[in-house]
Amino acid sequence: MRTAVLRSSIAVTGVLALVAGCKAQAVEGGRAAPPLTSQPSASDSSRLPTDASSRPPTDNASRSPSDDAEPTGSATPSPAAPKILFSPGDSSKDVRELQARLRQVAWLFNGPTGTYDDTTTDAVKGFQGKRGLPRTGRTDTVTWQRLLNMTHEPGKWELYQFGGQPPAKPDPRCMKGRVLCISKTSRTLAWMVDGKRLMTTEVRFGSEYTPTREGVFPVYFKSRHHVSTLYDSPMPYAMFFSGGQAVHYSEDFAAHGYAGASHGCVNVKDEEKIAKLFAQVRNGDKVVVYW
């Protein structure tokens, strides 16, 4: 009788120990532990159910694909794609800087224009391919950082050597009447009537040795097909305002941007705009040249 009681006590103690052991495995740091997804080792066989029908299958042919899947949340996430900063079709000062930097490393030879056009897209693709980056033609954070590391911050001349700089605030002398308002600081000409800006175009001026005069002048002579007698060079759409100095179209400016200079005249690079301007400006209209 005593022996039977002892055996019964031992059996109960074993069951309680087994139950206590299951509870300890199921909790980690106060949180429910994820379920086991792989077959336990032989040393853990005491934790398996004793019923053979409820044991995990050991035959690989009978295992489902989910049996070999990693626990939820344990897979290493793929790295995020770099953020796109500029794309074809964009137009901004940042795109102008991108183009200026691409010129520094000889991937772009036109502009900057500030517009992400096909030429810029091809230049970005070439730059990316040379450095083993995906040739997307779009400027992402990785491409931009590589370009920054290889170039210096472009100055105003590099950014606006082909024009595009916003016009300066009009000089007070430009606010009344019909005025060709010309800023040397922004290198722009604004056609203004009674303080309203009707047209803006990029211009360049004379060199250090042949500077464009500053001040207030009248347009005193217009010549559509003028040729300089002093330099034997064409001056189409010339509007003279101070001696031999005139506002006129410059084919050299259109081709080379601010890399050159005039002999004192105000050069305009946009032929379509100066043609319209020439048709509107009258003799006697005011010209204001200022910094």
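Quick notes on this one:
- Within the range 74-90, being of a type in the set (S, T, N, Q) and at pLDDT below 95 holds for SER74, THR76, SER78.
- Check on ARG187, within 33 Å of the chain's Cα centre (by Cα), in the same structural domain as SER242 (by TED's automatic domain parsing) and surrounded by 13 or more Cβ atoms within 10 Å (Cβ to Cβ): yes
- Considering residues of the range 148-177 that are surrounded by fewer than 17 Cβ atoms within 10 Å (Cβ to Cβ) and touching a Phe, Trp or Tyr at 6+ places or on another chain (Cβ under 8 Å) only, the residue modelled with the highest pLDDT: ARG173
- Inside the range 157-194, residues that are among the aliphatic types (A, V, I, L, M) and out of contact with any Ser or Thr (no Cβ under 9 Å at 6 or more places or on another chain) make up a count of 6.
- Selected residue (only one of PHE162, PHE217 is touching a residue at least 12 places away in the same chain (Cβ under 8 Å) and either under 19 Å from PHE241 (Cα atoms) or part of a strand (DSSP E or B) (or both)): PHE217
- Filter result for the condition that a residue is of a type in the set (Lys, Arg), part of a strand (DSSP E or B) and within 38 Å of the chain's Cα centre (by Cα), over ARG224, ARG146, ARG197: ARG197
- The set of residues in the range 232-290 being hydrophobic (A, V, I, L, M, F, W, C), modelled with pLDDT of 95 or more and surrounded by fewer than 14 Cβ atoms within 10 Å (Cβ to Cβ) consists of ALA279 alone.
- Scope the range 200-214; condition part of a strand (DSSP E or B), surrounded by fewer than 22 Cβ atoms within 10 Å (Cβ to Cβ) and of a type outside the set (Ser, Thr, Tyr); matching residues: GLY206
- Hey, ASP140 touching a strand residue (DSSP E or B) at 6+ places or on another chain (Cβ under 8 Å), touching a residue at least 40 places away in the same chain (Cβ under 8 Å), farther than 19 Å from GLY215 by Cβ and among the charged types (D, E, K, R) or not: yes
- ARG224 being charged (D, E, K, R) and under 30 Å from SER87 (Cβ atoms): no
- Filtered residue count, the range 247-289, keeping only those that are over 20 Å from PRO170 (Cα atoms) and in a strand (DSSP E or B): 3
- Counting the residues of the range 93-116 that are surrounded by fewer than 16 Cβ atoms within 10 Å (Cβ to Cβ) and either assigned by TED's automatic domain parsing to the domain that holds TYR258 or assigned to a loop (DSSP other than H, G, I, E, B) (or both) gives 4.
The values are calculated or read from the model by the stated rules, or taken from the named source; none is laboratory data. It should be emphasised that the depicted structure is a prediction, and the values quoted were computed from it without experimental measurement. Backbone-built Cβ (ideal geometry, glycine too); neighbour counts: all protein chains shown.
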